[in-house]
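Shown next, in structure tokens, is the structure this report addresses.
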Amino acid sequence: MNILLTGGMGYIGSHIALSLLHDKHKVTILDNLSNSNIEVLNSLKFISSEEPNFIKGDVINTELVAKLLKDYKVDAVIHLAGLKAVGESVSRPVMYYKNNILGAVSLLEAMKSCNVLNLVFSSSATVYGIPNFLPISEEHPCKPNNPYGRSKFYIEEILSDLVITDKNWNIISLRYFNPVGSHESGLIGDHPNGIPNNLMPFINQVASGQQTHLKVFGNDYDTPDGTGVRDYIHVEDLSNAHLAALNNIDSNNNYQNYPLNFFNIGTGKGYSVLDVVHAFELANRLDIPYKIYPRRDGDIASSFADPKKANNFLGWKAKQSIDEMCLSSWNFQKNKSQ
Ligand code: NAD
Ligand code: UFG
């Protein structure tokens with residue numbers, strides 16, 4: 001298939017690009033490089049020996065998107081372009097709503113005008129908000145508690161409206177849990193600007209000596225060791241979920257009576273912050289010093305997926321262990337630090 005991959009230069013998008021190229025899809029990346037670097041393109045070419053098309057541009061530019069859909073005879077779009085930092089979304093909500101929601105609307109408008117009606121959308125477990133029950137199944141109500149999460153939720157609502165009014169659309173929304181790890185080459189990975197917000201990139205920086213210790217945000221949660229529990233998923237497993245979604249894009253199943261097809265993408269297992277620290281230490285034979293700090297605003301105690309719907313309907317299952325996530329994560333960081 002000819003795929004337009006928006007946000008394809010970013011952490012998750014670059015891994016999806018490799019999975020697509022590996023499966024002999026033709027890939028066109030649209031990215032404004034607001035949170036990524038052009039060097040990623042060289043890594044993609046080096047690893048895959050293939051040349052994805054790359055266009056530097058903004059998904060909010062409807063005319064540009066329409067031109068790309070026509071020029072590259074696109075069959076399906078995977079839409080990742082978006083802003084993703086929860087804390088920043090609280091301080092700059094309009095920027096998040098504009099970039100994420102207007103970006104999605106612009107893309108949908110362009111797709112409709114070109115009659116390209118196959119879409120895989122990158123959503124997030126954040127749409128659920130504070131869990132009422134665990135593991136979180138797709139039936140869990142959506143009550144996102146920050147502007148980033150709400151931007152994803154509103155986009156899903158728009159997508160639902162679209163599939164209700166026009167049955168020709170084929171749309172799958174994937175709700176990612178906590179993506180971590182890197183491609184086995186160690187050449188692409190998660191490299192946030194400045195001090196990382198997320199756990200694994202921060203642990204990487206402690207391991208490489210850029211930070212003296214990990215700040216563990218709270219050890220008084222109602223969890224087995226008191227630290228926050230999450231469903232970490234290897235980014236390569238996450239990439240493969242997109243291939244599975246593409247394979248099922250036109251099956252037109254109205255799963256579980258919702259207008260939109262949405263799926264949890266997680267392993268179903270929860271690991272605490274200290275579990276991850278210990279797994280990282282064991283896998284990489286390194287010490288990760290840590291200190292306990294107060295809880296971080298907006299954090300929840302536990303979040304992990306019930307991934308059965310994706311397992312059953314997409315025929316997809318996460319395979320990689322927490323050890324593999326820690327090994328590949330550090331492998332990327334080591335290469336970057338050299
Ligand atoms: P990322 O920031 O590494 O990648 C996003 C890419 O989109 C970047 O390359 C950025 O330059 C580009 N971009 C942003 N706005 C754009 C615009 N208007 N036009 C064109 N390009 C634009 O983030 P990521 O971690 O790879 O996340 C990818 C997607 O997955 C995002 O939509 C994010 O919300 C979603 N997601 C991420 C996580 C996570 O923990 N990383 C979890 C759930 C969902
Ligand atoms: N944590 C620390 N110290 C750190 C960073 C994180 O103790 O320096 C803890 C957090 O308190 C939490 C756990 O590690 O208990 C995971 O935190 P992350 O910031 O890595 O991930 P979150 O679950 O908070 O959020 C992530 C993404 C969101 C996404 C969500 C669900 O940042 O964008 O997963 O997919 F929406």
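The values are calculated or read from the model by the stated rules, or taken from the named source; none is laboratory data. Note that the structure is a prediction, hence the values are computed from the model and not measured. Every residue, glycine as well, gets a Cβ built from its backbone with ideal geometry; the counts of neighbours run over all protein chains shown. Heads up: the accessible areas ignore ligands, DNA and RNA and are worked out on the full protein's heavy atoms, side chains in. Shrake-Rupley method; radii C 1.70, N 1.55, O 1.52, S 1.80 Å.
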Note to self: Quick check on my filter: what residues within segment 132-143 are more than 15 Å from ligand 1 (Cβ to nearest atom) and either surrounded by fewer than 17 Cβ atoms within 10 Å (Cβ to Cβ) or free of Cβ contacts under 8 Å to residues at least 24 places away in the same chain (or both)?
What the structure shows: Asn132, Phe133, Leu134, Ser137, Glu139, His140, Pro141, Lys143
Next item on the list: Pick out the one residue from Leu102, Leu64, Leu20 that is buried (at least 20 other Cβ atoms within 10 Å of the Cβ) and either out of contact with any Phe, Trp or Tyr (no Cβ under 6 Å at 6 or more places or on another chain) or touching a residue at least 12 places away in the same chain (Cβ under 8 Å) (or both).
Entry: Leu20
Margin query: So if I check each of Glu50, Glu88, which one is modelled with pLDDT under 95 and in contact with a helix residue (DSSP H, G or I) (Cβ under 6 Å, 6 or more places away or on another chain)?
Written below: Glu50
Item checked: Subset of segment 117-131 [more than 14 Å from ligand 2 (Cβ to nearest atom) and open to solvent by 10 Å² or more (accessible area, probe 1.4 Å)] -> Leu117, Asn118
Margin query: Being under 23 Å from the mean Cα position of the chain (by Cα) and not assigned by TED's automatic domain parsing to the domain that holds Trp169 is true for just one of Arg296, Arg285. Which residue is that?
Written below: Arg296
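One line per residue, one yes/no per condition, for (1) within 16 Å of ligand 1 (Cβ to nearest atom); (2) not charged (D, E, K, R):
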{"residue": "Arg230", "(1), (2)": "yes, no"}
{"residue": "Ser239", "(1), (2)": "yes, yes"}
{"residue": "Asp250", "(1), (2)": "no, no"}
{"residue": "Tyr258", "(1), (2)": "no, yes"}
{"residue": "Asp275", "(1), (2)": "no, no"}
{"residue": "Tyr293", "(1), (2)": "no, yes"}
{"residue": "Asn311", "(1), (2)": "no, yes"}
{"residue": "Asn331", "(1), (2)": "no, yes"}
Checklist line | Residue count for segment 1-34, restricted to those that are more than 14 Å from the chain's Cα centre (by Cα), within 15 Å of ligand 1 (Cβ to nearest atom) and on the phi < 0 side of the Ramachandran plot | finding: 11
